[in-house]
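Before any comments, here is the structure.
The values are calculated or read from the model by the stated rules, or taken from the named source; none is laboratory data. All values derive from a computational prediction rather than experimental measurement. Glycine also receives a Cβ, built like all others from the backbone with ideal geometry; neighbour counts cover every protein chain displayed.
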């Protein structure tokens with residue numbers, strides 16, 4: 001379906017990955033695009049117009065964001081977001097939003 005590969009959708013995470021591919025990848029055929037849209041609408045990730053819902057945005061994690069950045073070509077992290085990947089807004093010149101984020105970053109570095 002996508003570049004000659006058949007993907008199975010087992011979890012909502014898999015479905016979110018497929019919706020990201022649906023939104024940003026140009027090589028999908030119409031049948032695959034329609035099937036992914038129908039499944040995503042059934043699970044509440046897309047509304048009737050095909051726009052992402054709040055449930056879609058709530059399920060985005062680092063892996064999904066990395067895929068979206070790879071497909072769109074935007075490799076830099078958005079300014080103003082926490083460096084640990086939690087998605088919180090940071091204040092001033094800080095890189096992390098909370099002490100827990102700083103600890104998480106120190107554990108990733110080790």
*Out of (1) at negative phi; (2) modelled with pLDDT of 90 or more, what's the single condition that is false for residue 21?*
(2)
*helices (runs of 4 or more DSSP H) enclosed by the stretch 51-110 - at least 3 residues per element that are surrounded by 12 or more Cβ atoms within 10 Å (Cβ to Cβ) and modelled with pLDDT under 85*: 62-72
_Of all residues making up the stretch 40-50, the number that are touching a strand residue (DSSP E or B) at 6+ places or on another chain (Cβ under 9 Å) and not in a helix (DSSP H, G or I)_ = 2
